[in-house]
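Each remark here refers to the structure printed beneath this line.
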């Protein structure tokens with residue numbers, strides 16, 4: 001600390017923390033859509049601060065700890081408050097237990113990530129990252145609002161809250177943006193696909209973002225199930241012999 005701190009990445013982290021804080025204030029005011037968008041904005045800052053820190057070689061222990069504290073607010077407390085006030089309050093104790101589990105699992109996920117960062121979590125994630133879980137929660141609010149569905153006392157939302165909470169502390173592998181090597185040449189069709197995705201997001205942002213969130217959630221579970229059964233099939237003949 002006597003040597004000072006890096007201003008740019010830590011400032012971006014604080015911007016993400018502010019977005020998460022605003023999301024909580026918006027929930028208290030009953031403005032759930034603004035709260036959901038604030039969580040998504042916090043996710044953007046969360047990606048930027050890590051990218052800037054790696055690009056400028058300014059990654060420090062202080063920045064890592066500050067980032068984790070920011071994540072607890074923006075991707076733990078804020079989505080939990082949003083889900084509870086928006087949909088799960090009528091469930092009573094079950095509702096607040098579900099959102100507390102979300103916050104607790106998110107905090108445990110961050111603690112485990114800080115320990116495993118230099119070993120098992122260099123690229124892919126062990127368990128769903130807490131920004132990913134918050135992304136699912138926020139886009140679910142936007143999608144329900146867009147299509148006009150009633151979220152009150154929804155068993156599907158309650159189940160999804162429990163599911164993404166457990167996934168955060170699971171040992172399932174989820175993909176990370178670090179796996180994308182943007183410094184190498186890619187096929188032309190990837191650029192075309194990115195343009196199509198961009199147009200889809202511009203035309204229907206709520207539906208598009210919710211679709212991406214569901215693909216990440218369901219795709220991650222399906223990929224891990226495929227890997228598990230594939231390994232079990234490879235081991236079985238050896239045991240028989």
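Of the residues 97, 137, 133, which is out of contact with any helix residue (DSSP H, G or I) (no Cβ under 7 Å at 6 or more places or on another chain) and either modelled with pLDDT of 95 or more or under 21 Å from residue 70 (Cβ atoms) (or both)?
Selected residue: 97, the only one of 97, 137, 133 that is out of contact with any helix residue (DSSP H, G or I) (no Cβ under 7 Å at 6 or more places or on another chain) and either modelled with pLDDT of 95 or more or under 21 Å from residue 70 (Cβ atoms) (or both).
Would you mind finding the one in 91, 135, 84 that is surrounded by 15 or more Cβ atoms within 10 Å (Cβ to Cβ) and over 24 Å from residue 209 (Cα atoms)?
The conditions single out 91.
Part of a loop (DSSP other than H, G, I, E, B) and either at pLDDT 95 or above or in contact with a helix residue (DSSP H, G or I) (Cβ under 7 Å, 6 or more places away or on another chain) (or both), is that true of residue 85?
No; evaluated as a whole, the condition is false for this residue.
Under the condition of being within 16 Å of residue 79 (Cβ to Cβ) and in contact (Cβ under 8 Å) with a residue 40 or more places away in the chain, which residue from the stretch 43-67 is surrounded by the fewest Cβ atoms within 10 Å (Cβ to Cβ)?
My answer is 43.
Given the criteria in a helix (DSSP H, G or I), exposed (fewer than 15 other Cβ atoms within 10 Å of the Cβ) and touching a residue at least 60 places away in the same chain (Cβ under 8 Å), does residue 102 qualify?
Judged against the criteria, residue 102 is not a match.
The values are calculated or read from the model by the stated rules, or taken from the named source; none is laboratory data. The model shown is predicted, which means the values in this text are computed figures rather than measured ones. Because the Cβ atoms are built from the backbone with ideal geometry, glycine has one as well, and the counts that use them run over all protein chains shown.
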